[in-house]
1. Work out how much length residue 115 to residue 47 would gain on full extension: take 0.36 nm times their residue separation and subtract the Cα-Cα distance, in nm to one decimal.
2. Taking the alpha-carbon centroid of each part, what is the distance from segment 51-122 to segment 27-46 in angstrom?
3. For residue 33 and residue 60, compute 0.36 nm times the residue count separating them, minus their Cα-Cα distance, and round to one decimal in nm.
4. What nm value, rounded to one decimal, do you get for the distance between residue 87 and residue 128 when each label is placed 7 Å out toward the C-beta?
5. Please compute, over every Cα-Cα pair in the chain, the percentage with a separation greater than 19 angstrom.
6. Highest mean first, how do 47-58, 19-30 rank when packing is the count of other Cβ atoms within 10 Å averaged over residues?
7. For the chain, what is the calculated [θ] at 222 nm in deg cm²/dmol (nearest 500), taking -39500 (n - 2.57) for each run of four or more DSSP H residues and dividing by its residue count?
8. Roughly how many nanometres apart are two label points built 7 Å out from the Cα toward the Cβ at residue 99 and residue 7?
């Protein structure tokens, strides 16, 4: 990797902190106190195991983000995962619901949080590092 790679260290670490705060603590709440989370967030949760899977994934993202604070570049794939799954959710779920006029109001806070993650990840992820060619071996 001989070309110059620009890393916005503050943004990168900031996105890990944001992931710990939002995903980590929300996921922990879903796992430890699911009923309280259901009352605070008016999500219609019909299947408790699916709700638990979401919580588990969020806790895992929060834990990986802690490691990302120590080695920011090694854990960029976590931010890429967030960027892609949140973008896919907008394109595959939110957009069709909006077009059909059936976007639920309870999903608006989640959509706003997802937008903040998408924008933050786009700023923080060092794409020149991610897409750099590795030297031949």
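Values quoted throughout were computed directly from the atomic coordinates according to the rules given, and no laboratory measurement underlies them. Note that the coordinates shown come from a computational prediction; the quantities given were computed from them, not determined experimentally. Glycine also receives a Cβ, built like all others from the backbone with ideal geometry; neighbour counts cover every protein chain displayed.
1. Extra length available between residue 115 and residue 47 comes to 21.9 nm.
2. 17
3. Values: separation 27, 0.36 × 27 = 9.72 nm, distance 1.67 nm.
My answer for the length gained is 8.0 nm.
4. Here the answer is 2.0 nm between the modelled labels.
5. Details: 5260 of 9316 pairs.
Tail fraction, whole percent: 56.
6. In decreasing order of mean packing, 47-58, 19-30 become 19-30, 47-58.
7. -20000 deg cm²/dmol
8. Inter-label distance under the simple model: 4.0 nm.
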